[in-house]
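Novice: Pasting a structure here, questions to come.
The values are calculated or read from the model by the stated rules, or taken from the named source; none is laboratory data. These numbers come from a predicted model, not from an experiment. Glycine gets a Cβ as well: all are built from the backbone with ideal geometry, and neighbour counts include every protein chain shown. Areas reflect the complete protein model, heavy atoms only, side chains present, ligands, DNA and RNA absent. Shrake-Rupley method; radii C 1.70, N 1.55, O 1.52, S 1.80 Å.
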Amino acid sequence: MTPPEGSVARKLWERVQEWVRRLGRKPKIGLALGSGGAWGVAHIGVLSVFQELEIPIAYLSGCSSGAFVGALYAGGVEGAALEACGRNYGWRDAGRLVIPPRMGLASNQRMAAYLEKRIGTPRFDQLRLPFFVAATNLSTGQKRIFQEGPVIPAVRASCAIPGIFEPVEIAGELYCDGGLLDRLPCEVLRTAGADVVIGVDLDRGEGGRRPANITEVIGRAIDIVTACQVKEDVKSADLLIRPQLMELSEFGFDHNEMIMARGREAALTQLTQWHQLHTPVGEPSAKPEISEAKAD
């Protein structure tokens, strides 16, 4: 659906159409969806902008909640159906407590059931576009990018926050949250062949609200430990979209509508400012400085 005349979205839509005409083909855009717990529903707002502006996504990657949203999108859920997922998703859909706890406070097996109901049980080569999922091997301490085999176990592994969710076993190896080593998996998109890499970064950065419970303490500790790695990750992106979510809990699902709206606002703001949309890929142009999108 073409955006209304005179709107910011319409102006962006016209720029994108001109970009495609001048390039002579659809540009190969890679979109990386970063980790961020409940903030991950912001990715749905970002994806709504890409769909509205008809910006083609050739490659998609995700980590943790970004992998979850990415699996829904790559599995064919979009538009109003994807937004409904964002509005209604909560802890009841993500996991259940394990009593007594052994390797985590909860299991995220319910996440598998949630995904299966909406996308079935696809393998990576059955998705509508190339999709890459970042996870961490607990035995070797190495990052793994899943891109073949069953999708849902890889997503569960990427979402298995240490201490909160039990690790997920795949082919005899235990995997947990990909955010430990690759919170914003951009480099894999470049390797896959993306002309332009856009990252949606939900990193808390150096500030944020005071942790209020055990899950927020664990999450904040991971943020602190991975801060330097995140700074390296974002360097791989040509454009960085960072919704402003600091005052909201990263582990509460009470503000999903607001978080989705912040994602949408950030995408529109940053794409508006990105002068490279005026220049087709392959023509001489300076790489834009990576900057943060700030919602009004």
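Novice: For region 200-207, state whether one or more residues are at pLDDT below 95, in a strand (DSSP E or B) and either open to solvent by 60 Å² or more (accessible area, probe 1.4 Å) or within 23 Å of Ala94 (Cβ to Cβ) (or both).
Specialist: Among the residues of region 200-207, not one is at pLDDT below 95, in a strand (DSSP E or B) and either open to solvent by 60 Å² or more (accessible area, probe 1.4 Å) or within 23 Å of Ala94 (Cβ to Cβ) (or both), which makes the answer no.
Novice: Sticking with this one: Go through (1) modelled with pLDDT of 80 or more; (2) farther than 22 Å from Cys159 by Cβ; (3) surrounded by fewer than 18 Cβ atoms within 10 Å (Cβ to Cβ) and name the single condition Glu257 misses.
Specialist: Of (1) modelled with pLDDT of 80 or more; (2) farther than 22 Å from Cys159 by Cβ; (3) surrounded by fewer than 18 Cβ atoms within 10 Å (Cβ to Cβ), only one is false for Glu257: (2).
Novice: May I ask you to list pairs of residues, at least six apart or on different chains, whose Cβ atoms are under 8 Å apart, with the first in region 125-149 being on the phi > 0 side of the Ramachandran plot and the second being of a type in the set (D, E, K, R)?
Specialist: Gly149/Arg123
Novice: Can you work out which of the residues in region 220-254 that are polar (S, T, N, Q) and closer than 18 Å to Ile198 by Cβ is modelled with the highest pLDDT?
Specialist: Only one residue tops the list, namely Gln244.
Novice: Give the residues of region 1-45 that are open to solvent by less than 10 Å² (accessible area, probe 1.4 Å), within 22 Å of Tyr59 (Cβ to Cβ) and either among the aromatic types (Phe, Trp, Tyr) or modelled with pLDDT under 90 (or both), sorted by residue number.
Specialist: Leu12, Val16, Trp19, Pro27, Gly36
Novice: So Arg190 ticks every box in (1) surrounded by fewer than 24 Cβ atoms within 10 Å (Cβ to Cβ); (2) assigned to a strand (DSSP E or B); (3) of a type outside the set (A, V, I, L, M) but one. Which box is left unticked?
Specialist: (2)
Novice: Can you name the residue in region 165-187 that is assigned to a strand (DSSP E or B) and either in contact with a Gly (Cβ under 7 Å, 6 or more places away or on another chain) or of a type outside the set (Val, Ile, Thr) (or both) and is also farthest from Thr136 (Cα to Cα) among such residues?
Specialist: Taking the candidates together, the pick is Phe165.
Novice: Would you point out which residue out of Ala154, Ala112 is open to solvent by less than 20 Å² (accessible area, probe 1.4 Å) and closer than 24 Å to Thr191 by Cα?
Specialist: After applying the criteria, what remains is Ala154.
Novice: Condition first: open to solvent by 60 Å² or more (accessible area, probe 1.4 Å) and either modelled with pLDDT under 80 or of a type in the set (D, E, K, R) (or both). Now tell me which residues in region 46-57 satisfy that.
Specialist: The one that is open to solvent by 60 Å² or more (accessible area, probe 1.4 Å) and either modelled with pLDDT under 80 or of a type in the set (D, E, K, R) (or both): Glu54.
Novice: Taking region 56-90 as the search range and keeping residues that are without any contact (Cβ under 8 Å) to a residue 40 or more places away in the chain and in contact with a strand residue (DSSP E or B) (Cβ under 9 Å, 6 or more places away or on another chain), which one is farthest from Phe253 (Cα to Cα)?
Specialist: Pro56
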